[in-house]
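Notes to accompany the following structure.
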């Protein structure tokens, strides 16, 4: 509810307001007060982040489309700052602001997506002091779909099934779907931007290592699938480093008694092996 209220307030400050499309995938549909949403889509089951967001994109009418998690609160001026950045750069496919930790808003939850030395996708600057709003816009590998603004033209250009296809790969379900999209956008010649003047507060990272086995399975499995798709033949030389990182994580999880994490890592390997043929290529 607070997420929608913040979006509605921020959108009211622009020219003509905004259209809010809610994709409610809960087992018990939420009742929303009048005026918070323009459309509510209820698929009747949890399709995962990727497929659910695709539904919202298809239903929305605008040229600029924001993806915003329900645990994110955009601050005033968020939409205006991101819109201005995309309008000023025709080759920018997407922009995100500085996502702040909800319980520690002086620190960043993330300032875009990057790959680390272990070939894990990470949130840039996570846990570090947030850059000031006056900092200059800069290019990043990709934007986090936690709270980001996309150009529809770019999404259509890299859709998985033609001009009316999916922007996010529903086969990934959740996690790494925005990394996959970022890679496809870059391969097609588009850019992604960090816009420090736009701010949002995010509660999601507070779950940290309490994630369920299923979520860890998706995180660890999707990492291999997305890397295989994006890197092509260059994926294979990176594979040993990725496996070593997972083995270190598994050992730590076992030693610390984190059963959900340990089981999720192993299940992620099984997921990756079963699905790798659909993502791997030698391009």
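What follows draws every value from the coordinates through simple rules; no lab data is involved. As the structure is a computational prediction, the values presented were derived from the model and not from experiment. Here the Cβ positions follow ideal geometry from the backbone for every residue, glycine too, while neighbour counts run over all protein chains shown.
One table, with the values for the structure above:
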{"quantity": "Among (1) in contact with a helix residue (DSSP H, G or I) (Cβ under 9 Å, 6 or more places away or on another chain); (2) without any contact (Cβ under 8 Å) to a residue 40 or more places away in the chain, the one test that residue 122 misses", "calculated": "(1)"}
{"quantity": "Selection from the stretch 138-154 of residues that are crowded, with 18+ Cβ neighbours inside 10 Å and over 14 Å from the mean Cα position of the chain (by Cα)", "calculated": "151, 154"}
{"quantity": "The one condition in (1) surrounded by fewer than 18 Cβ atoms within 10 Å (Cβ to Cβ); (2) within 23 Å of residue 141 (Cα to Cα) that residue 231 fails to fulfil", "calculated": "(1)"}
{"quantity": "Qualifying position, being surrounded by 15 or more Cβ atoms within 10 Å (Cβ to Cβ) and at positive phi, among 35, 77, 52", "calculated": "77"}
